[in-house]
Amino acid sequence: MDEREPGRGRGSRHGEQRHRGRGAGLVDPGQAHILPRLHTGERRRAEQRRRILPRAGTHRGHRGGRRRDVRPRGLRGLEVQRGVTTSPLARRRTGRPTTPPGPAVRAPQLSRAVAWSLGSGTILQPLNSSVIAVALVPIAASFGSSSAIPWIVSGLYIATAVMSPTAGRLADVFGARRMYLIGLVVVTVAAVAGPFVPTAGWLVADRVLLGIGTAMHFPASMAIIRDLAARREQSPTNAIGVIALCGQTMAALGPTLGGLLVAVFGWHGVFLINVPVALVAIVLVLRTVPASVAPPRESGVRAALRLIDPVGAALLIGTLVTLMIGLLSLGDSPRWLLLGAALPLGSALVLWELRVAHPFVDVRAIARTPALAQVYGRTFLTFVAFYCVFYGLPQWLQTDGGYDTAATGLLVLPVFAAGVLGTLVATRLARRSRPRVLLVVGSAALAAGGTVLALTVREDGPVILVVLSALLLGIPTGFNNLGNQLDLHVHAAASGSGAAAGMYRTAQYVGACLSTVVVARAFDLPLEAGGIDALGVVVGGVGTLLLLTSVVALVRTRHRKARA
């Protein structure tokens, strides 16, 4: 007997339209309010699909009365609902959405205009992280003291690590585009105020404000991409690749751009450069990114506080601040009390979030989805290795290698060039492959680069080995970064995608803080190669661990696919 839901019979015009819209990838009638926001070209393509696609139904096959899908192969079983690909057959068997068995279906890509508009704001964080390096000496000379210099650098990192999950949660509750634009306004205010602060202490506070503003863009961008990909039924791969590419390119160009700004405008230029970038980003986002559809919520201050969970936010901020400051202090004068305080604060955070209905950090979701916890763990380890190279290799080249500043910059440039090129290649590969494939390639390059660094790079060795290790160590910044972001997109819940992206960024900066300790300890060891071999062992070991876990996960996935 043909099983049909009520209202889906052949005589029901409304039921047939609902059935066709749900199966053929059209907009659900319940979301008709979204249609006016779509561009004219997208409405035209939707109308064309409605005319040419056959009815998205099934009929009985010749084997035991099993129903067979008669739609075109490229559209069979594909539904994009809140960013999750759902197979009707798998849903009938398991009762829940499932991820696709492979990249057989190639959905159209999300608009490049949207991707580049979002990327125009996400570059602000790597821009402010990198351009400040060449302005530290002029800043110390201007204020007559260098005591605040470490906090000018670390203040931005701490603010970004703390604010990223906070901004992500706010984006989930109040709308991602709104939070993205608020972040741009905060950056503009901090950039205008920076050159006019009276003391170095106020400059540290201004950098913290700058970090708060720049922290909002990445989690809001990921939430916007997730939302638009689901609403327009398009693939987010290219858009996520553009976000990764913008970060890699700005990290590569930042020191050079900072040198030009300081030469022309003094140290004030590294703040003022944010103003035109932020203003352009505001215009682009308003023109190309539709307003986010915020989830329905009760009105009133108390209802908003329940959704935000201020107690959970305070516990998370306290945990991250004590952890980050404690880690940064390990290089010279350890603050064990702060590190010790991070443990009870983190425990209290977990216990509290398990009790509340709307947790700030969804601990239950992370426990239910081990793959999400693995994304954060891989991200942490990847950026420990990356920042060991970022901080350690230039330092060794100048102290033990005997290279001047210009030569050091040229020898480190292949790291960033390989990262940019790797992001481009990984984006194209991701259209046909799983994120795990990208992680395998990037982790293999990381392990190989660490091995070359540990065994062959010496102060009296050939310079080509330094270049080779730099090229190998730059590849993971493209492949692993994009692979982890795509995996995050797959496993994070749509309702908490902003908070999940914020935790991703936090894992990155906690890894950056730990890397400073690793670099300091590696160069303090009385080794023949001046510590670069110890650094290579750490980087190669992290790469080997990531490679083994990625290969095992990929093999298991293929075995499950073969059994299915």
Residue hits (the stretch 412-437; open to solvent by 20 Å² or more (accessible area, probe 1.4 Å) and more than 16 Å from Gly254 (Cα to Cα)) are Leu421, Leu424, Val425, Arg428, Leu429, Arg431, Arg432, Ser433, Arg434, Pro435, Arg436, Val437
Screening Val262, Val277 for residues that are aliphatic (A, V, I, L, M), within 30 Å of Ala494 (Cα to Cα) and modelled with pLDDT of 85 or more leaves only Val277
Exercise. Taking Trp267, is it outside any helix (DSSP H, G or I) and either among the β-branched types (Val, Ile, Thr) or in the same structural domain as Leu124 (by the TED database) (or both)?
Worked result: yes
Q | So Val197, is it out of contact with any Pro (no Cβ under 9 Å at 6 or more places or on another chain), among the aliphatic types (A, V, I, L, M) and without any contact (Cβ under 8 Å) to a residue 12 or more places away in the chain | A | yes
**OP:** Determine whether the stretch 498-510 contains at least one residue that is over 22 Å from Ala417 (Cα atoms), in contact with a helix residue (DSSP H, G or I) (Cβ under 8 Å, 6 or more places away or on another chain) and not in a helix (DSSP H, G or I).
**Re:** no
Flagged in the stretch 502-533 as free of Cβ contacts under 8 Å to residues at least 60 places away in the same chain and either surrounded by 17 or more Cβ atoms within 10 Å (Cβ to Cβ) or charged (D, E, K, R) (or both), in numbering order, are Arg521, Asp524, Glu528
**OP:** Restrict the check to the stretch 320-334 and report whether at least one residue is open to solvent by less than 40 Å² (accessible area, probe 1.4 Å), assigned to a helix (DSSP H, G or I) and touching an Asp or Glu at 6+ places or on another chain (Cβ under 8 Å).
**Re:** no
Of the residues in the stretch 391-432, those that are assigned to a helix (DSSP H, G or I), farther than 13 Å from Gly478 by Cβ and without any contact (Cβ under 8 Å) to a residue 40 or more places away in the chain number 7
Scanning the stretch 451-467 for residues that are in a helix (DSSP H, G or I) and open to solvent by 80 Å² or more (accessible area, probe 1.4 Å) gives Leu455, Ile464
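Among what's in the stretch 545-563 and is small (Gly, Ala, Ser) and either at pLDDT 85 or above or on the phi > 0 side of the Ramachandran plot (or both), pick the residue that is least open to solvent (accessible area, probe 1.4 Å).
Ser550
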Is at least one residue of the stretch 202-211 within 18 Å of the chain's Cα centre (by Cα) and open to solvent by less than 30 Å² (accessible area, probe 1.4 Å)? yes
Residue pairs within 9 Å by beta carbon, gap of at least six or interchain, first lying in the stretch 539-564 and without any contact (Cβ under 8 Å) to a residue 12 or more places away in the chain, second assigned to a helix (DSSP H, G or I), listed first then second, are Leu548/Ser443
Requested in this report: Go through the residues of the stretch 433-447 one by one and say whether even a single one is of a type in the set (Lys, Arg) and touching a residue at least 60 places away in the same chain (Cβ under 8 Å).
Outcome: yes
Residue pairs within 7 Å by beta carbon, gap of at least six or interchain, first lying in the stretch 136-162 and farther than 20 Å from Leu209 by Cβ, second part of a helix (DSSP H, G or I) and open to solvent by less than 50 Å² (accessible area, probe 1.4 Å), listed first then second, are Pro138/Val262; Ala140/Ile149; Ser145/Ala200; Ser146/Ala140
Among the residues of the stretch 160-177, is there at least one that is in a helix (DSSP H, G or I), small (Gly, Ala, Ser) and more than 19 Å from the chain's Cα centre (by Cα)? no
The residue from Ala294, Ala244 that alone is assigned to a helix (DSSP H, G or I) and either at pLDDT below 85 or assigned by the TED database to the domain that holds Ser129 (or both) is Ala244
- [ ] Say whether the condition of being within 22 Å of Leu316 (Cα to Cα), of a type in the set (Phe, Trp, Tyr) and crowded, with 24+ Cβ neighbours inside 10 Å is met by at least one residue in the stretch 150-164.
- [x] no
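The values are calculated or read from the model by the stated rules, or taken from the named source; none is laboratory data. Computed from a prediction, not measured in an experiment: that's the story for all the values here. In this analysis, Cβ positions are derived from the backbone assuming ideal geometry, glycine residues included, and neighbour counts consider all displayed protein chains. With ligands, DNA and RNA removed, areas are computed over all heavy atoms of the protein, side chains included. Shrake-Rupley method; radii C 1.70, N 1.55, O 1.52, S 1.80 Å.
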